[in-house]
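Structure first, commentary second.
The values are calculated or read from the model by the stated rules, or taken from the named source; none is laboratory data. The shown structure was predicted, so the numbers you read here are calculated from the model rather than taken from an experiment. Cβ sites come from the backbone with ideal geometry, for glycine too, and all protein chains shown count toward neighbours.
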């Protein structure tokens with residue numbers, strides 16, 4: 001196996017908005033974005049402006065995402081959480097506050113028994129983010 005596991009998030013018409021949100025919040029650069037209309041790829045007419053593929057990156061941290069041209073299933077985003085090991089408490093607070101806007105706090109950002117500051121937020125797109133910040137010293 002080569003490299004790390006890269007999260008690949010699926011949206012249903014919200015891909016461009018999500019890419020902008022994550023890029024701004026996480027400080028990611030867009031490596032590339034392609035829409036269905038730009039590719040020789042079968043799609044329904046209403047999906048022409050949907051994101052076929054987007055790659056966002058900052059150093060070794062990467063996210064890929066796309067819009068599905070199919071209708072979403074009822075539980076399409078359950079069972080997976082995205083964990084970020086934060087560099088410091090300030091970064092953890094910044095991400096926590098950004099992700100909870102229009103989202104849902106699942107666990108307050110707090111000190112834990114395992115010696116970290118930890119919180120869990122479901123963002124406005126329905127994805128769950130775990131934020132972990134190991135205590136210094």
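Considering region 1-43, and only residues there that are assigned to a helix (DSSP H, G or I) and in contact with a helix residue (DSSP H, G or I) (Cβ under 6 Å, 6 or more places away or on another chain), the residue that is surrounded by the fewest Cβ atoms within 10 Å (Cβ to Cβ) turns out to be 25. In region 25-52, the residues that are more than 30 Å from residue 131 (Cα to Cα) reach residues that are surrounded by fewer than 13 Cβ atoms within 10 Å (Cβ to Cβ) with C-beta atoms within less than 8 angstrom, at least six apart or across chains, in these pairs: 35/48; 36/48; 37/48.
Taken over region 86-137, the residue count meeting the criterion of being at pLDDT below 95, under 19 Å from residue 22 (Cβ atoms) and loosely packed, with under 13 Cβ neighbours inside 10 Å is 1.
Listed conditions (1) more than 22 Å from residue 5 (Cβ to Cβ); (2) surrounded by 11 or more Cβ atoms within 10 Å (Cβ to Cβ); (3) touching a residue at least 40 places away in the same chain (Cβ under 8 Å) are all met by residue 71, apart from (2). Residues that are in contact (Cβ under 8 Å) with a residue 12 or more places away in the chain, in a loop (DSSP other than H, G, I, E, B) and touching a strand residue (DSSP E or B) at 6+ places or on another chain (Cβ under 9 Å) within region 88-123 comprise 88, 103, 115, 123, listed in sequence order. Condition (residue is part of a loop (DSSP other than H, G, I, E, B), within 30 Å of residue 136 (Cα to Cα) and touching a helix residue (DSSP H, G or I) at 6+ places or on another chain (Cβ under 7 Å)) applied to region 62-76: is it met by at least one residue? Checking region 62-76: not a single residue is part of a loop (DSSP other than H, G, I, E, B), within 30 Å of residue 136 (Cα to Cα) and touching a helix residue (DSSP H, G or I) at 6+ places or on another chain (Cβ under 7 Å).
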